[in-house]
Amino acid sequence: MERLRRHLAAGSMIVIGLFAIVAFGLGSRTGHGAKAAFGFDYLGKSSIHLPDLTVPAGPAAIGLGALCVTFGVLRLARPALQTWAIAGFLACLVAAFLTWGTAGQSLAFTGLLNATLLAAVPLVLGSLCGLLCERSGIINVAIEGQFLVGACASAYVGSVSGSLWAGLIAGCLAGALLGALLAVFANRYLVGQVVLGVVLNVFAAGLTGFLYERLLQADPNHRNKALTFADIRIPGLASLPVVGPVLFDQNIIFYLAVLLIAAVQIGLFHTRWGLRTRAVGEHPTAAETVGIRVLATRYRNVIMAGLISGLGGVWMTLGSGAPFGKDMAAGQGFIALAALIFGRWSPLGSLSAALLFGFAQGISISLQPLNTPVPTAFLSMTPYLATIFAVAGLVGHVRAPAAEGIPYVKA
Amino acid sequence: MTKGTGGGSLELRGITKRFGSLVANDGIDLEVRPGEIHCLLGENGAGKSTLMNILYGLYEPDEGQLLIDDEPLVVRGPRDAIAAGIGMVHQHFMLIPVFTVLENIMLGEERTRRGGLLDHARARRDVLDISRKYGLEVDPDAVVGGLPVGVQQRVEIVKALIRNARVLILDEPTAVLTPQETEELFTVMRALREAGHSIVFITHKLKEVKAIADRITVIRRGAVVGTADPSDSEAELAALMVGRDVRLTVDKPPAAAGAEPVFEVRNLTVLDESGRAVLDDVSFDIRPGEILGVAGVQGNGQTELAEAILGLRTATGTITLDGARLSGRTPRQVLGGGVGFIPEDRGHDALVESASVAENLVLDLYRDAPFGRHGSIDVKAVQDNAEQRVAEFDIRTTSVHAAVGTLSGGNQQKVVVAREMSRPLRLLVAAQPTRGVDVGAMAFIHERIVAERALGRPILIISTELDEIFALADRIAVMFRGKIVGIVPPETSRERIGLLMAGAHE
């Protein structure tokens, strides 16, 4: 069984590698000595200038494709190195694809990096929200809905009050309010949590859609403005080549997200709160017998989590300079959930997963202007495709918190 | 109050707890003196655990009062109980399997450094202090889920002591232990008593009561029926516990020797989901009219053995009964081939609790005559059968139409036994046949099993109760980590079998 799985996985890696050689290396796009150029200056912001990296597209793609095949063979021959083989395979495949897409033109690599990070921000915030809930034993599939109410509230309050901070706070509170609904129905009325989450999503979509048409769009110039937090440039660090402008010249929500990752990672594994949260999510009865209040812990975590996913909603409006739009979360809440599972319920794992999914989105954005033969719609689909493959194929056996989704009823 | 040093005295006055119409505790009085091991003796379902859960704040009593050190105490939750110096080791451990020993012990009582970070170093020091003081050896960094139950129990005790428990409640602590581990536990209990702790030891095992108790309180059907002295005989204790004289031994004629084995198991292996052998190359045989008892600490492959024989689990190896191959067959074929099966978890695997006694008595027979007729069920035949079985097996129920779930544990088990023995058997597999059953029903079930033996059936008994194995078995097979580590005659000493249960090889 295990052997068959290994053979199938390695076999498909080799076949895909061969396909990459033929399609990306030997096609007409990369023929005739076409060159692919990758730029490392981002909007000229970096003070140290790096030259473009220019490679002959055909030979480079063939080489990368051959590397893919090699990693497939490695996967077959050395099962112990499987993780490295898969990672190397994916990296080379993506590089081959990018080389092919860029052939005859130039791609701003730093721009791609930036798009990746910006796309990852709501995913990270969403999966941190899911993490706080699920580690305490409550399944939250309403992240999508929390994004929507957060985005809607922040756009309206920000526009009407004229204060971005008021908008930010309103967005977070809106997310927390939806979280509180989830917590009450799950803890007090013992409603099935997945069904409950789906219902809350539908509710949030309906409510924000209604408000959008009747309230926000009734006077968009005063009630739904395109506002944005200004970028904050961190002196010194922002001048670093490549990573400087991408990591150290962003707006406040970006930095808040980074801080939250660190805070949750440390909090979960090194503080009393984290120990108790994990205990409640694993074995609530045991937690109860050492005097921990199980339901209070769950309420607190779910509501705090709501604040974080609300911030994810704020990112979509005030963080990105966009007015609120109907259904603007566009499934990101669900991808965040996938990032949580793919990241094995740990903050750093979720961050890696969010970056991977963000990269898939970044590619689809960066390649659109390059006129690749791949249809735009297909490119837009790649993040979701990546999600499915990641969750179904690569995750393998992960262990969710043991008491997840089971309502706690005191004896 | 001198926390952590002196022992606590504990008094319960008129504790009453009702669940609906059921009175689980009926005006219970109990007094535990400082520095004594007080045994609470009672059958399964007598209300011992309910009482202790009240004491620990998990249930609220309907009436009555608790006093600790002669001060009235109101316990609204475990937090209050812990603060009052009461510690509890639950029958089902309250440990988090994915946490380390240290994390489990410090949970709820966390030591922290500046900035709110957990102070692992200090917690480790505290744990090792207690561990040294009472001889409770634990590795603070081991993950609890991978530890043997005996060690997990030690962790539970450390957990209570680190919270300065002066009164320690041990709920059926020996149920999961080998005889040697039980001895070790008793040593620890004596050390705790020396240090002035009071211990409430809940059990239904008479031998252990006599070995360790200073004083004994017996409860039956939710009420205190008397106190006893450890020097009283086992028969006296049993009579007090059950309410009438009971026979503790099973009359069993000597085994008929010489016949060829009719039930053979060869190289039976079962893998779990992760590919680990939970049943590892097990071989044995049983002659007609012979009872093979499988002893072992719970979770050493006994469940898998029974399920593999019944065809409930995929297994490699061969099983033959009367020369015909049994392995690779579906459970329905196996049962149809004359195998009677009493599963270890009757509520889960043997009975449909919401269905009536009559329906449960034909759960595996309804398809064929006389109960099944052209795809419909002959209600009259089912009812006649039920009335006959209820009389024959002395099943106490208000009606054959009552839901099985409303019967007592002992009577539920009699329903299972009656069903499995109501058709001609060629093999009986009984796993934990008397778990959670009162002494009266236990004697009855044992008699029925011996009666099957007299009819010349091969019988496989799987039990974690050594007393049961000694009472019934003609040969004893001991299981450890999925293997049979030895097959020994029933005259073998308890100690020897205890060593085998802990993995010592023949």
quick note, segment B:10-242, DSSP beta bridge pairs, % antiparallel (nearest 5) is 55 percent
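Using a simple charge model, +1 on the beta-carbon of Lys and Arg, -1 on the beta-carbon of Asp and Glu, nothing else, what dipole does the protein assembly as shown show about its Cα centre, in debye to the nearest 20? Don't jump to the answer; show the numbers that get you there.
Details: 81 positive and 84 negative charges, 564 e Å.
In total the dipole reaches around 2700 debye.
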Would you jot down the residues in segment B:46-64 that end up with at least 40 Å² less accessible area in the complete protein assembly than in the chain alone, with a 1.4 Å probe?
-> B:Leu58
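I want to verify the translational diffusion coefficient of chain B in µm²/s; compute it with Stokes-Einstein, Rh as the Kirkwood radius over Cα pairs, at 4 °C and 1.567 mPa s. Walk me through the numbers on the way to the answer.
Details: Rh = 24.7 Å.
The estimated diffusion coefficient comes to 52 µm²/s.
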Considering segment B:10-242, what Rg and Dmax in Å follow from its alpha-carbon atoms?
-> 17.8, 61
Put +1 on the Cβ of every Lys and Arg and -1 on every Asp and Glu Cβ in chain B; which of B:Ile319, B:Gly405, B:His446 then has its Cα farthest towards the positive end of the dipole?
-> B:Ile319
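Rounded, prolate or oblate: which fits segment A:2-104, taking a ≥ b ≥ c as square roots of the Cα gyration tensor eigenvalues, rounded meaning a/c under 1.5, else prolate when a/b beats b/c?
Values: a/c = 3.71, a/b = 1.74, b/c = 2.12.
Since a/c reaches 1.5 but b/c is at least a/b, the shape of segment A:2-104 is classed as oblate.
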In whole Hz, what ³J(HN,Hα) sequence does segment B:417-428 give by Karplus (6.51, -1.76, 1.60; θ = phi - 60°), x for Gly and Pro?
-> 4, 4, 5, 5, 9, 8, 10, x, 9, 10, 7, 10
Whole-Hz Karplus couplings 3J(HN,Hα) for segment A:187-204, θ = phi - 60° and coefficients 6.51, -1.76, 1.60, Gly and Pro as x, run 7, 8, 9, 6, 6, x, 6, 6, 4, 4, x, 4, 4, 5, 4, 5, 4, 5
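Assuming R0 = 35 Å, can you tell me the calculated FRET efficiency for the pair B:Tyr366 and B:Thr316, based on Cβ-Cβ distance, to the nearest 0.05? Could you put the intermediate results ahead of the total?
Numbers: r = 33 Å, r/R0 = 0.94.
Result of the calculation: an efficiency of 0.60.
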Expected integer from the mean partner chain Cβ neighbour count at 10 Å over B:87-96 is 3
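Would you calculate the convex hull of the Cα atoms in segment B:412-506 and tell me its volume per residue in Å³?
On the way: hull volume 10.3 nm³, N = 95.
Considering the Cα atoms of segment B:412-506, their hull volume per residue is 109 Å³.
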Calculate how many DSSP beta bridges within the protein assembly as shown are antiparallel, expressed in % of all such bridges and rounded to the nearest 5.
-> 55 percent
Relative to the longest principal Cα axis of chain A, at what angle does helix A:347-367 sit, 0 to 90 degrees, rounded to 10?
-> 50 degrees
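Determine, for each peptide in B:24-34, A:153-163, the mean count of other beta carbons within 10 angstrom over its residues, then list the peptides with the highest first. Provide the component values of the computation, followed by the final result.
Values: B:24-34: 18.9, A:153-163: 22.6.
Packing proxy ranking, top to bottom: A:153-163, B:24-34.
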What percent does the relative contact order of chain B come to when contacts are Cα pairs within less than 8 Å and at least six residues apart?
-> 15 percent
Amide hydrogen neighbours beyond the local backbone of B:Arg111, cut-off 5 Å, H modeled | B:Asp119
Pop out a list of residues from segment A:275-290 that are at least 30 Å² less accessible with all the protein chains around than in their chain alone; 1.4 Å probe, no ligands or nucleic acids counted.
-> A:Leu275, A:Arg276, A:Arg278, A:Ala279, A:Glu282, A:His283, A:Ala286, A:Glu288, A:Thr289, A:Val290
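So in chain A, what percent of DSSP beta bridges are antiparallel if you round to the nearest 5?
Details: 6 of 9 bridges.
Here the share of antiparallel DSSP bridges comes out near 65 percent.
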Just in segment A:162-258: which trypsin sites (Lys or Arg not before Pro) are loop by DSSP and have at most 16 other Cβ atoms within 10 Å?
-> A:Arg188
Carbon + sulfur, % of accessible area of the protein assembly as shown - ligands and nucleic acids excluded, 1.4 Å = 59 percent
Which of the trypsin sites (Lys or Arg not before Pro) found in segment B:350-415 are loop residues per DSSP with 13 or fewer other Cβ atoms within 10 Å of their Cβ?
-> B:Arg367, B:Arg396
Top mean-square fluctuation among A:Gly358, A:Gly321, A:Gly343, Gaussian network model of chain A, C-alpha springs under 10 Å?
-> A:Gly321
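Rounding to the nearest 20 debye, state how big the charge dipole of segment A:112-392 is about its Cα centre with +1 on each Lys and Arg Cβ and -1 on each Asp and Glu Cβ.
On the way: 14 positive and 9 negative charges, 117 e Å.
Roughly 560 debye, rounded to the nearest 20.
For Cα pairs less than 8 Å apart in space and 6+ apart in sequence, what is the mean separation divided by the residue count of segment A:2-104, i.e. the relative contact order in percent? Please list the in-between numbers first.
Values: 163 pairs, mean separation 40.0, N = 103.
Worked out over segment A:2-104, it gives 39 percent.
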Tell me which residues come under 5 Å, amide H to amide H, from A:Thr54 once H is placed; ignore anything under 5 positions away on its chain.
-> A:Phe38
Across all directions of projection, what mean area in square nanometres is found for the Cα convex hull of segment B:378-429?
-> 4.1 nm²
For the protein assembly as shown, just list the percent of Cα-Cα distances falling in each 10 Å bin from zero outward, please.
-> 2, 10, 15, 18, 18, 15, 11, 7, 3, 1, 0
Could you tell me which of A:Leu348, A:Val22, A:Thr376 has its Cα farthest along the dipole of chain A towards the positive end, charges placed at Cβ (Lys, Arg +1; Asp, Glu -1), taken about the Cα centre?
-> A:Leu348
Note on segment A:265-411: C-alpha Rg/Rh, Kirkwood Rh, two decimals, gives 1.06
Fluctuation leader among A:Val302, A:Val246, A:Val94 - chain A, Gaussian network, Cα springs under 10 angstrom = A:Val94
Measure nothing but the geometry: give the 0 to 90° angle between the long axis through the Cα atoms of B:379-392 and the longest principal axis through the Cα atoms of chain B, rounded to 10°.
-> 60 degrees
So how strong a dipole does segment B:46-126 carry about its Cα centre when Lys and Arg Cβ are +1 and Asp and Glu Cβ are -1, to the nearest 20 debye?
-> 620 debye
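At a probe of 1.4 Å, how much accessible area disappears from chains B and A on forming the pair, both sides counted, to the nearest 100 Å²? Provide the component values of the computation, followed by the final result.
Details: alone 22540 and 18680 Å², together 39210 Å².
Summing both chains' loss of accessible area gives about 2000 Å².
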Once the Cα atoms of helix A:252-270 and of chain A are each reduced to a long axis, what angle between those two axes, in degrees from 0 to 90 to the nearest 10, is obtained?
-> 70 degrees
In a GNM of chain A with a 10 Å cut-off on Cα contacts, which of A:Ile234, A:Ile139, A:Ile363 has the highest mean-square fluctuation?
-> A:Ile234
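Segment A:112-392: Rg/Rh from Cα coordinates, Kirkwood Rh?
Working: Rg = 18.8 Å, Rh = 19.1 Å.
Ratio value, two decimals: 0.98.
Pairs B:Lys48/B:Lys414; B:Lys159/B:Lys205; B:Lys207/B:Lys252; B:Lys17/B:Lys205; B:Lys414/B:Lys483: which exceed 27 Å Cα-Cα? Before the final figure, lay out each step's value.
Values: B:Lys48/B:Lys414 23 Å; B:Lys159/B:Lys205 25 Å; B:Lys207/B:Lys252 22 Å; B:Lys17/B:Lys205 25 Å; B:Lys414/B:Lys483 31 Å.
As for pairs spanning more than 27 Å Cα to Cα, those are B:Lys414/B:Lys483.
So if I average 1/r over every pair of distinct C-alpha atoms in segment B:138-250 and take the inverse, what Kirkwood radius in Å does that give?
Values: mean 1/r = 0.0638 Å⁻¹.
Hydrodynamic radius (Kirkwood, Cα pairs) of segment B:138-250 is 15.7 Å.
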Computed ³J(HN,Hα) along segment B:22-30: with the Karplus parameters 6.51/-1.76/1.60, θ = phi - 60°, integer Hz and x for glycine or proline, the list is 7, 9, 7, 10, 10, x, 7, 10, 8
Give the shape of segment A:200-277 as rounded, prolate or oblate, defined through the alpha-carbon gyration tensor: a ≥ b ≥ c are the square roots of its eigenvalues, a/c under 1.5 means rounded, and otherwise the shape is prolate if a/b is larger than b/c and oblate if not.
-> oblate
Would you please classify the overall shape of segment B:1-102 from the alpha carbon gyration tensor, given that a ≥ b ≥ c denote the square roots of the eigenvalues, rounded means a/c under 1.5, and beyond that prolate means a/b larger than b/c while oblate covers the rest?
-> oblate
Just read off the accessible area of A:His270 with the full protein assembly in place, 1.4 Å probe, to the nearest 10 Å².
-> 90 Å²
Tell me, how many Å apart are the Cα centres for segment B:211-270 and for segment B:438-506?
-> 13 Å
Inter-part gap, Cα centre of segment B:1-77 to Cα centre of segment B:135-196, in whole angstrom, is 21 Å
Using alpha carbon centroids, what distance separates segment A:99-168 and segment B:306-352, in Å?
-> 55 Å
Going toward the positive end of the dipole of the protein assembly as shown, with +1 on Lys and Arg Cβ and -1 on Asp and Glu Cβ, which of A:Ala91, B:Leu240, B:Leu58 do you reach last?
-> A:Ala91
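The values are calculated or read from the model by the stated rules, or taken from the named source; none is laboratory data. Treat the numbers as computed from the prediction; the structure is a model and nothing was measured. Neighbour counts run over all protein chains shown; Cβ positions are idealised from the backbone, glycine included. Remember, those area values only see protein heavy atoms, side chains included, never the ligands or the DNA or RNA. Shrake-Rupley method; radii C 1.70, N 1.55, O 1.52, S 1.80 Å.
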